[in-house]
1. Would you say residue 167 is more than 22 Å from the chain's Cα centre (by Cα), within 14 Å of the ligand (Cβ to nearest atom) and closer than 21 Å to residue 36 by Cα?
2. Kindly provide the set of residues from segment 235-261 that are farther than 28 Å from residue 200 by Cβ, in contact (Cβ under 8 Å) with a residue 12 or more places away in the chain and outside any helix (DSSP H, G or I), ordered by number.
3. In segment 215-229, which residues are touching a strand residue (DSSP E or B) at 6+ places or on another chain (Cβ under 7 Å) and without any contact (Cβ under 8 Å) to a residue 40 or more places away in the chain?
4. Does segment 170-183 contain any residue that is closer than 24 Å to residue 31 by Cα and modelled with pLDDT under 95?
5. Is there any pair with a first residue in segment 305-322 that is more than 8 Å from the ligand (Cβ to nearest atom) and a second that is modelled with pLDDT under 95 and in a loop (DSSP other than H, G, I, E, B) whose Cβ atoms are under 6 Å apart and which are 6 or more apart or on different chains, and what are they?
6. Report whether or not residue 212 is over 16 Å from the mean Cα position of the chain (by Cα), touching a residue at least 60 places away in the same chain (Cβ under 8 Å) and not in a helix (DSSP H, G or I).
7. Does residue 319 fit the bill of being within 28 Å of residue 2 (Cβ to Cβ) and crowded, with 21+ Cβ neighbours inside 10 Å?
8. Can you tell me which residues in segment 36-55 are at pLDDT 80 or above, more than 6 Å from the ligand (Cβ to nearest atom) and either surrounded by 14 or more Cβ atoms within 10 Å (Cβ to Cβ) or assigned to a helix (DSSP H, G or I) (or both)?
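The values are calculated or read from the model by the stated rules, or taken from the named source; none is laboratory data. Please read all numbers here as calculations on a predicted model, not as lab measurements. In this analysis, Cβ positions are derived from the backbone assuming ideal geometry, glycine residues included, and neighbour counts consider all displayed protein chains.
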Ligand SMILES: Cc1cc2nc3c(=O)[nH]c(=O)nc-3n(C[C@H](O)[C@H](O)[C@H](O)COP(=O)(O)OP(=O)(O)OC[C@H]3O[C@@H](n4cnc5c(N)ncnc54)[C@H](O)[C@@H]3O)c2cc1C
């Protein structure tokens, strides 16, 4: 029995634990710096919504019962409604529905299901405990509980699933074992939560569509319906165009939304505006590594290895897919990590690098390209049989439907990606 230490109980760390334990020759210990989500109060549970499509859902579906358990905590979306300041929204229907689920709920279900299925001898999860260092020579992780003395623990294999600010990656990079590039994307965001239905139940915002609205200067709102009749989402903007900068009171924030984002007007209340005003502005870091493993014993997965901009909502889908692809490598090489690890890097790196480019340049920023984008996703799609110029799909269409590898999506849509990149540079 091999002992695998996983750093980080986020979506990919937990799903990988499911995959490893289902192989029956691993014992898994997970260390997570945040508190146990089972003990957190419901009111503190809201983070941001994640939309899962076939790549993420298929990775989850390989573990018996997981998809059904997750679906109970999420909402199925048929597509997106692109709202406008005036007029009816444009509707984009998808052949395959997406599952919309709050990040904390996703983690909670993955965790509870893991602990229900496997005994304490096989899996242990320690919360409030951060990995601060790794000694690759002695095969030890150095861990620091929030309250208490640091300690070391031995591993046979170690997985860095500790997200965009991964300490595992930092240790490997400081040793020169891995090269990685970190950047901040030009946009920042604030989380917003509003009820989906008015208190008198006379007006409701559609519960089976993602709602988006783009304003001038690249300001965007994306709101996902949640099962408790709320909309959770993010207001995205560039730091030098903060739409709320001059809103010094809650009333001013509410007035801004009512004037500029009409679809939300009936449901947004003063208390929602107050909470939005209090929330910090979050920056988004991206990460690009030249490999996803080091030696025979260390694996790097998820945001730790390839954090991307959330603009096309693929970071979590790709992270969950990492777990599935690595399990397939273990199958192929009969659990010989010395062969499975390089095979994983060889198979996965081109896809996650392609995802980076797709995330940066699928979504246009200039007004003319934005109009073209909406036209091609709505009316243009219907006109395709008669107008060969419209025959090439946009990256979003190939990403949202099916499981074409990201590198193949990039190859087929390189023309659009180049145009968006050029429009951003100019
Ligand atoms: C606003 C926003 C919206 C998004 N929407 C989508 C979407 O719609 N669809 C989609 O696919 N993706 C989306 N994403 C991306 C998605 O959230 C991430 O890609 C995904 O969470 C990555 O999972 P992970 O397990 O790799 O990392 P994380 O979710 O970051 O989990 C890492 C875990 O490691 C823990 N940790 C960190 N350091 C240490 C340490 N030293 N020791 C121990 N534990 C540690 C952290 O506390 C955390 O729990 C969105 C991201 C943002 C910011």
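1. Considered against the rule, which asks whether it is more than 22 Å from the chain's Cα centre (by Cα), within 14 Å of the ligand (Cβ to nearest atom) and closer than 21 Å to residue 36 by Cα, residue 167 comes out as no.
2. 236, 237, 238, 242, 243, 244
3. Matches in segment 215-229: 219, 220, 222, 229.
4. Checking segment 170-183: not a single residue is closer than 24 Å to residue 31 by Cα and modelled with pLDDT under 95.
5. 311/363; 312/362
6. It is true that residue 212 is over 16 Å from the mean Cα position of the chain (by Cα), touching a residue at least 60 places away in the same chain (Cβ under 8 Å) and not in a helix (DSSP H, G or I).
7. yes
8. Selection gives 36, 37, 49, 52, 53, 54, 55.
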